[in-house]
Amino acid sequence: MTQPENTGPLAWIFPGQGSQKVGMAGPWLKQSSTARRVFDEASEAVGMDLARLCLEGPGETLTATENAQPAIVTCGVAGLALLRERGLEPAAVAGHSVGEFSALVAAGCLPLAPAVRAVRQRGQLMARVTAPGKMLAVMGLDEARVQALRHEAAPHGVIATALHNSPQQFVLSGSLAPLERFQALALAAGAKECVMLQVSHAFHSPLMAEVQEEWRAVVAGLQLRMPRCPTVLNTTARTVKTLVCIRRSLVDQLTAPVLWMQCVRTLADLGITRVLEVSDSKVVSALARRTVPSLQALTLQDPTVLEGLLVKHGHRPPQAPVS
């Protein structure tokens, strides 16, 4: 029997660092003046050509933390601009790590220009950390097993669970010795995969604390507004209740874990039945589907999705002018 089409509440979700790739947002920039205006505004705010960086790279420059973060946020905001020009709005929003800034823009908490300036500073501060560290992704072990192995590796140095991505995917962050110990333990315990990530620092761990006070001052200067829709925060997996909640989450993100798996469950608890990854990426939508299999997971990377959303909401795609 054919399953009924899912037309339930739709949340917009935004990816974080690691989703960047040379060519990102290319179709939008070529076809949409709205997307180009977003990139122009963001580029002016940070003093660099973000459209050219996204389209042409080089990859090493785009991947640098201080460049990747404003590029990813701008790509997300360009995607939400495409949705908004067609009259679409989210039932709720959430963003993974730096993607939380895209979510805050979507929720009306923060305009684009100060958001990209802040994440540019965030990336510069994070790149300046002197403490050596790495990150390690583990797939195929549940949370209880991951935490038990982390405790077993902890005597060897700093090690933290940085990303709770899905019930079977976690990222550990810390100094090299405990991560290597964890890797050996995880593989012996039956992990499907356990690999060091190509990153410059131990993000979302106590090793980032040396720049946290400078980042706190940046966050304190942001002119925030309360969100227009339910907004789920990374470090608590709870919806925003006060502006203090937002500031605390943005500051704590530097050293605390991203509770993405828990955020997705919170969205489901809010009655969300569909999530849309608002970027040229399918990273967080895939993680959401693995966390709550009943969710319909969509991504703007799929060019047919936007037209499908318009049909379901009673809108028609803009027609090309007749010459």
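Take Val93 and tell me if it is in the same structural domain as Leu300 (by TED's automatic domain parsing), under 17 Å from Val240 (Cα atoms) and buried (at least 23 other Cβ atoms within 10 Å of the Cβ).
Numbers: in the same structural domain as Leu300 (by TED's automatic domain parsing): yes; under 17 Å from Val240 (Cα atoms): yes; buried (at least 23 other Cβ atoms within 10 Å of the Cβ): yes.
Yes.
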Would you please list the contacts, defined by Cβ atoms under 6 Å and residues six or more apart or on different chains, that run from a residue in the range 225-238 that is surrounded by 24 or more Cβ atoms within 10 Å (Cβ to Cβ) to a residue that is part of a loop (DSSP other than H, G, I, E, B)? Thr231/Ala107; Thr231/Val240; Asn234/Gln253
So is Leu141 out of contact with any strand residue (DSSP E or B) (no Cβ under 7 Å at 6 or more places or on another chain) and more than 22 Å from Gln17 (Cα to Cα) or not? yes
Filter the range 113-160 down to residues that are among the basic types (Lys, Arg) and not in a helix (DSSP H, G or I) and give me whichever is nearest to Pro206 (Cα to Cα). Lys134
For the range 254-263, does any single residue satisfy the condition of being closer than 27 Å to Thr61 by Cα, surrounded by fewer than 22 Cβ atoms within 10 Å (Cβ to Cβ) and in contact with a Lys or Arg (Cβ under 7 Å, 6 or more places away or on another chain)? no
Which of the residues that make up the range 145-175 are surrounded by fewer than 17 Cβ atoms within 10 Å (Cβ to Cβ) and at negative phi? Gln147, Ala148, His151, Glu152, Ala154, Pro155, His156, Pro167
Would you check which residues across the range 195-206 are of a type outside the set (Ser, Thr, Tyr) and crowded, with 23+ Cβ neighbours inside 10 Å and list them? Ala202, Phe203, His204
For Ser102, are the conditions met, namely being surrounded by 22 or more Cβ atoms within 10 Å (Cβ to Cβ), assigned to a loop (DSSP other than H, G, I, E, B) and within 15 Å of the chain's Cα centre (by Cα)? no
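Restricting attention to the range 275-320, and to residues there that are β-branched (Val, Ile, Thr) and more than 24 Å from Met139 (Cβ to Cβ), which single residue is modelled with the highest pLDDT?
Taking the range 275-320 first, the residues β-branched (Val, Ile, Thr) are 275, 278, 283-284, 291-292, 299, 304-305, 311.
With the extra rule that they be more than 24 Å from Met139 (Cβ to Cβ), the set shrinks to 278, 304-305, 311.
Numbers: Val278: 96, Thr304: 87, Val305: 87, Val311: 54.
Selected residue: Val278.
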So for the range 262-281 (the condition being part of a loop (DSSP other than H, G, I, E, B), out of contact with any helix residue (DSSP H, G or I) (no Cβ under 6 Å at 6 or more places or on another chain), touching a residue at least 60 places away in the same chain (Cβ under 8 Å) and of a type in the set (A, V, I, L, M, F, W, C)), does at least one residue qualify? yes
Would you say Ser323 is hydroxyl-bearing (Ser, Thr, Tyr) and either touching a strand residue (DSSP E or B) at 6+ places or on another chain (Cβ under 9 Å) or modelled with pLDDT of 90 or more (or both)? no
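The values are calculated or read from the model by the stated rules, or taken from the named source; none is laboratory data. These numbers were taken from a predicted model, which means no experiment stands behind them. Ideal geometry is used to build each Cβ from the backbone, glycine not excepted, and the neighbour counts take in all protein chains shown.
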